[in-house]
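Please read the structure below before turning to the comments.
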Amino acid sequence: MSTTFDRKIDATLSDPRLQNAIYKATGRLMSHRKIAVDSDVLPEFEELRTQANAVKRHTIENLDWYLEQFERNVLAHGGHVHWARTGTDVADVILGLAKSRNASLIVKSKSMTTEEIDLNERLEHHGLESVETDLGEYIIQLKHERPYHIVAPALHLTRYDVANVFEKKLGVENETEIENQTMIARRVLRDKFLRADIGISGANFLIADSGAVALVENEGNARLTTSAPKVHIAVAGIEKLIPRAQDLATFLKLLGRSGTGQPLTVYTSFLSGPRREDEVDGPEEFHVILLDSGRTKLLADPDKRQSLYCIRCGACLNHCPVYRKIGGHSFPWVYSGPIGAIITPQFHGVESEPGLPFASSLCGACAEVCPVKIDIPKILLELRADVKASEKRHAVNEAERAVFRTFAYVASRPKLWQRATKLAARLGPRGQGYLKKVPGFMNVGPVRAWLSQRDLPAPAEKSFREMWKERGR
Amino acid sequence: MTAREAILRDVRRNLGRAEGATPPPPPEPRIRIPEVSREDRIARMLERVSALAGKTLHARSAGDAVEYVAARTAGQTAVASNAPFLRQIGVTELPGVQSGFTDERNLREACASAEIGITSADYALADTGTLVMMASPAEARLVSLLPPVHMAIVPAERILTGLDELFSLHPLPASETSSMVLITGPSRTADIEQILVRGVHGPGEIHVVVVD
C-alpha cells in the first residue's frame, strides 16, 4: 500500500464529523434503495437485474457492431460523432468546435467521464469558462475538489463549508441556510445557462438503434445544458451503449432505484440529434464524442471485461463497509468504492496502487446490490493475483514472499509442522484465548503493523492430532 | 490511422471479432404491460404525483381544468405552449397567459421571466407519476423548464401504465422527436447535507391536471 493511500485513509478515519457524514449519507441511500426494490413493490427486480446483465454482456461482446450502428443513427438524425482515444483528443474536439463557433462560455452537467479526463481543467487552460451546473458539482468545482461519491459529489461538505466557499468565490456573506444557498446557486447558474454557447453533458446510455443519448438527473441542470445553448456535446465512454430504446424499460427501472431509491429520477432525457424543422427551441448542433481512454484494453480479459457493464448508480459504494469508513477521497482515482477498486487497476495498471484490490473484506455486498450483476469480489481476487504476479516480476516484497515460501515448506512437511506447532503451543503469556504479548522476534515489520490493529489468538495447547491419539482410536 | 479506426480495431482485436461480423441476436427486450383500468390509471397517476409533492386535479370537464389554471395564474405571468389542446380548451385565452411563440428569442425571454409555464403532455405514466414530453413545434422545451412553476394539462386517455407501455407504443422515439423528456415530480436536490430542496434548476412546483 502506498503511503498516500494510507495517509488519506488515516485522515478520514480520524475525522469524526466526516465519518458521521459518510455513514449517514450512505445509510440513507441504502435504506431508500431497500424500500424501492422490495419484492412487495417490485417483484420483478431480480428478473430485471438478470435481463440488464444479459443485455450488457451481449452489447460489450459485440461492441464494435453497436458502435457503428450508433454512429450511423446519430448521422441519420443530423448529429455528429467524434472518436477520441484519450482525454486530450476530447479536449481537442471541443476546443476546435468552440473556436470555430467563437464560443467562450460552456455549461456542463454532471459526468464522471469528464471528471475522469479532467476536462474542465483542460478547457480552462485554453481560456474557456467551463461551469459545472449540478449543485454538488458546482460547489466542489469552486473548491477545486473531486467528487466524493458517484451520485452525491459533495457528500463530505457541510452547509458551513458551502457558506465559506460562496463567500470567497461569490461574495455572499455568511449564508448558512441550505435552501438559500441552493437558490443562490440557481440564480448564478441560470444566468450562465442563458448566456452559454455550448452545453456539455455526459451520457447514462447511448442507444444504438436510435443514435440517442439518455440522461438521468434530478435537478434539471442536464435539461438546461442540453436545451438552452446552441451546441450540445455529449462525452461518453464507448461502454455506455445499449442496443435498443426498448432496453431503457429495463435499465431505467434499475438505475434510479439502485442509486437513490427513486423509481425514476425527476428527469430522464432521451436526445437524438439537433432540433428538427419548425421546433422553436433546442440545440442547433448535436455532437457525441466517443471516448476510449483505456476501455478497449479492458475488453481483452473475457472475465474482467464485465467491469464495463457498470451504469454508475453508486449502490456498491453505499453498501461497502470499506467505502463507508475510508470515504471517497481516499481512493486513488475519481471512481471510488468497489467499482473504483476494480476499474482503477485495470485502467492504470495494478502497480499504480497495489494496495487497492486488497482494501476489501470480500463480503460480497457490492455484488449483491449491483443492478447489472458485476461479480466485483471475483474481479478483486483476480486483481490480487495480478498484483502478486507483478510483484514477482518486479521482485517487490521479497521478504513477504520469503515468509510464505518458508510457511509452504513447513506446512507441506508433517514432521516439521508438528514440531513447529508444539513450539507455538508454548507461546505466552495468554488471557481469554489471546496472546497478551507477542514475542519480540515476531513483532517486527509488517507483522507488527498487522498486530497493531488485531489480537493474535493463542495457539491451542494440544493439537487435534495429539487429542485424537490420546482418545486411542 | 484515424481515432475511429484505431478504436474499432482495438475493440475487435480484444474481443476476437471480425470486422462487420453480425452479432448473435440480442436478448428479447423485456416489455410487460399490465391490464389496468382507466379509472385505476388516473387514480394511480394522481397518487404518485402527490407523493412527489406535486399538486393534482382530476377535472371532470375542460372547464374545470381551465378554472383551476386560472386560479393559479391570477395576477401572475404565464407562458403556454403551442399545444392545440391548450388552445381548444381556452387556457391560452386566460389573462396574463402568453402563447403562440414561433421565435426562439421571444420564447426564451418570456419563459425566463414568467412565473408559470403551462403545457400539455404526450403521455403520462401512472406507475411513476411521470409526464412524457416530446419536443415539437407544439411543445417547446423551455416552457416546462425555465419558469419556477409548471402546470401540465393531460387528457385522461393519454395515461399509460408505465415505461413498458410507452416503449411498446414508441419503440423508436428518435424517429418522431429529437427530445423525449420524462418528468417525474418537481426539480430537486439533496446535494448539501442530504437536505431536500425543491426547484434548484427546474420548476419547484408542479401541477398535473387530468381531464376526463
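Name all residues of segment A:342-385 having a backbone nitrogen under 20 Å from the label point set 7 Å from the Cα of A:A11 along its Cα→Cβ direction, giving them as ranges.
Counting backbone N atoms under 20 Å from the label point, the list is A:353-356, A:359.
Please give the length that would be gained between B:S175 and B:S113 if that part of the chain were fully extended, namely 0.36 nm times their separation in residues minus their C-alpha to C-alpha distance (nm, one decimal).
Result for the pair: 19.0 nm of gain on full extension.
With every protein chain left in place, what is the accessible area per residue of segment A:154-204 in square angstrom, probe 1.4 Å?
46 Å²
At 15 angstrom or more along the helix axis (alpha-carbon based) and mean Kyte-Doolittle of -1.0 or higher, what helices does chain B contain? Whole DSSP H runs only.
B:3-15, B:38-51, B:62-73
Can you give me the solvent accessible area of B:Y123 with a 1.4 Å probe, rounded to the nearest 10 Å²?
Rounded to the nearest 10, the figure is 50 Å².
In peptide A:292-302, what is the residue-averaged number of other protein chain Cβ atoms found within 10 Å of each Cβ?
So the per-residue partner count for this stretch is 4.
Among the lysines, which fall within straight-line cross-link reach of A:K56, defined as a Cα-Cα distance under 22 Å, with same-chain neighbours fewer than 8 residues apart omitted?
Correct list for A:K56: A:K240, A:K253, A:K297, A:K304, A:K373, A:K378.
Report, in degrees rounded to the nearest 10, the 0 to 90 angle that the Cα long axis of helix A:87-100 makes with the longest principal axis of chain A.
Orientation of helix A:87-100: about 10 degrees from the principal axis.
Run the accessible area of segment A:413-471 with a 1.4 Å probe and give the carbon-and-sulfur part as a rounded percent.
Percent of accessible area from carbon and sulfur atoms in segment A:413-471: 58.
Under 5 Å between amide hydrogens, which residues at least 5 positions from B:I192 or on another chain qualify, with H placed 1.01 Å from N in the peptide plane?
The answer is none.
Rounded to the nearest Å, what's the spacing between the alpha carbon centres of segment B:158-209 and segment A:47-105? Just the number, please.
Each part's Cα centre sits 24 Å from the other's.
So how far apart, in nm, are the two label points at A:E466 and B:R13 if each is 7 Å from Cα heading toward Cβ?
The answer from the label model is 6.2 nm.
Cβ under 15 Å from A:D281's Cβ, A:D281 left aside: what net charge do those residues give with Lys, Arg +1 and Asp, Glu -1?
-2
Need one number: nm distance between label points at B:T102 and A:S104, each 7 Å from Cα along Cα→Cβ, rounded to one decimal.
So the label points at B:T102 and A:S104 sit 3.5 nm apart.
Given all pairs of different Cα atoms, what value in angstroms does the Kirkwood hydrodynamic radius of segment A:344-473 take? If you can, show how the numbers build up before the last one.
Numbers: mean 1/r = 0.0546 Å⁻¹.
After inverting the pairwise mean of 1/r, the radius is 18.3 Å.
What number, in percent, do you get for the relative contact order of segment A:33-149 if the mean sequence gap of Cα pairs under 8 Å and at least 6 apart is divided by its residue count? Write out the running numbers ahead of the final one.
Numbers: 61 pairs, mean separation 18.9, N = 117.
Computed over segment A:33-149, the figure is 16 percent.
Just to verify a number: what accessible area does A:C366 come out at with the full protein assembly present, 1.4 Å probe, Å² rounded to tens?
10 Å²
Hey, rough spin-label estimate for B:T22 and A:E400, points 7 angstrom out along Cα→Cβ, what's it come to in nanometres?
5.1 nm
So if I place +1 on the C-beta of Lys and Arg and -1 on the C-beta of Asp and Glu, and nothing else carries charge, what would the dipole magnitude of segment A:386-473 be about its Cα centre? I want it in debye, nearest 20.
On the way: 20 positive and 8 negative charges, 92 e Å.
In debye, rounded to 20, segment A:386-473 gives about 440.
If the cut-off is a Cα-Cα distance under 25 Å, which lysines reach A:K415, setting aside same-chain residues fewer than 8 apart in sequence?
Hits, sequence-local ones excluded: A:K462, A:K469.
Could you list the trypsin sites (Lys or Arg not before Pro) in segment A:376-452 that lie in coil according to DSSP, counting only those with at most 14 other Cβ atoms within 10 Å of their Cβ?
Answer in residue order: A:R426, A:K436, A:K437.
Calculate, in whole percent, how much of the Cα-Cα pair population of segment A:413-471 lies beyond 13 Å. The partial results should precede the final answer.
Details: 1145 of 1711 pairs.
For segment A:413-471, the share of Cα pairs beyond 13 Å comes to 67 percent.
Pick out, in residue order, every one of the chymotrypsin sites (Phe, Trp or Tyr not before Pro) in segment A:423-453 that is DSSP loop and has at most 11 other C-beta atoms within 10 Å; say none if there are none.
A:F441
With a 1.4 Å probe, how much accessible area is buried between chains B and A, both sides summed, in Å² to the nearest hundred? Let's see the in-between values first.
Working: alone 12360 and 24100 Å², together 29060 Å².
For chain B against chain A, roughly 7400 Å² becomes buried.
Viscosity 0.692 mPa s, temperature 37 °C: give me the Stokes-Einstein translational D for segment A:299-377 in µm²/s, with Rh taken as the Kirkwood radius over C-alpha pairs.
So the translational diffusion coefficient is about 262 µm²/s.
Solvent-accessible area of B:R108, probe 1.4 Å, all protein chains present, reported in Å² to the nearest ten, please.
Answer for B:R108: close to 50 Å² accessible.
Enumerate by residue number the GluC sites (Glu not before Pro) in segment A:2-106 meeting two conditions: DSSP loop (anything except H, G, I, E, B), and at most 15 other Cβ atoms within 10 Å of the site's Cβ. Provide the component values of the computation, followed by the final result.
Working: sites: A:E44, A:E46, A:E47, A:E61, A:E68, A:E71; in loops: A:E44.
In loop regions of segment A:2-106 (DSSP not H, G, I, E or B), the sparsely surrounded GluC sites (Glu not before Pro) are A:E44.
Seen from all sides and averaged, what is the projected area of the convex hull of the Cα atoms in segment A:37-306, in nm²?
15.4 nm²
Just to confirm the number: angle between the C-alpha axis of helix A:63-76 and the first principal axis of chain A, 0 to 90 degrees, nearest 10?
Taking Cα atoms only, the helix is inclined about 10 degrees.
What is the average number of partner chain Cβ atoms found within 10 Å of a Cβ in A:65-72?
Across the residues of A:65-72, the mean count of other-chain Cβ atoms within 10 Å is 3.
Over the alpha-carbon set of chain B, work out the extent along each principal axis and list the three values in angstrom, largest first.
Cα spread of chain B along its principal axes, largest to smallest: 66, 44, 42 Å.
Pairing the Cα long axis of helix A:3-13 with the longest principal axis of chain A, what angle in degrees results, from 0 to 90 and rounded to the nearest 10?
Helix A:3-13 sits roughly 80 degrees off the main axis of chain A.
Across peptide A:404-415, how many C-beta atoms of other chains are within 10 Å of each residue C-beta, on average?
0
What residues from segment A:348-365 fall in the zone where the backbone N is under 15 Å from a label point 7 Å along the Cα-to-C-beta line of A:R393?
Of the residues in segment A:348-365, A:348-354 have backbone N under 15 Å from the label point off A:R393.
Can you give the convex hull volume per residue for the Cα atoms of chain A, as a whole number of Å³?
For chain A, the hull spanned by Cα atoms encloses 201 Å³ per residue.
The values are calculated or read from the model by the stated rules, or taken from the named source; none is laboratory data. It should be emphasised that the depicted structure is a prediction, and the values quoted were computed from it without experimental measurement. As a convention, Cβ positions derive from the backbone with ideal geometry for all residues, glycine included, and neighbour counts pool all protein chains shown. Surface accessibility is based on the protein's heavy atoms, side chains included, excluding ligands, DNA and RNA. Shrake-Rupley method; radii C 1.70, N 1.55, O 1.52, S 1.80 Å.
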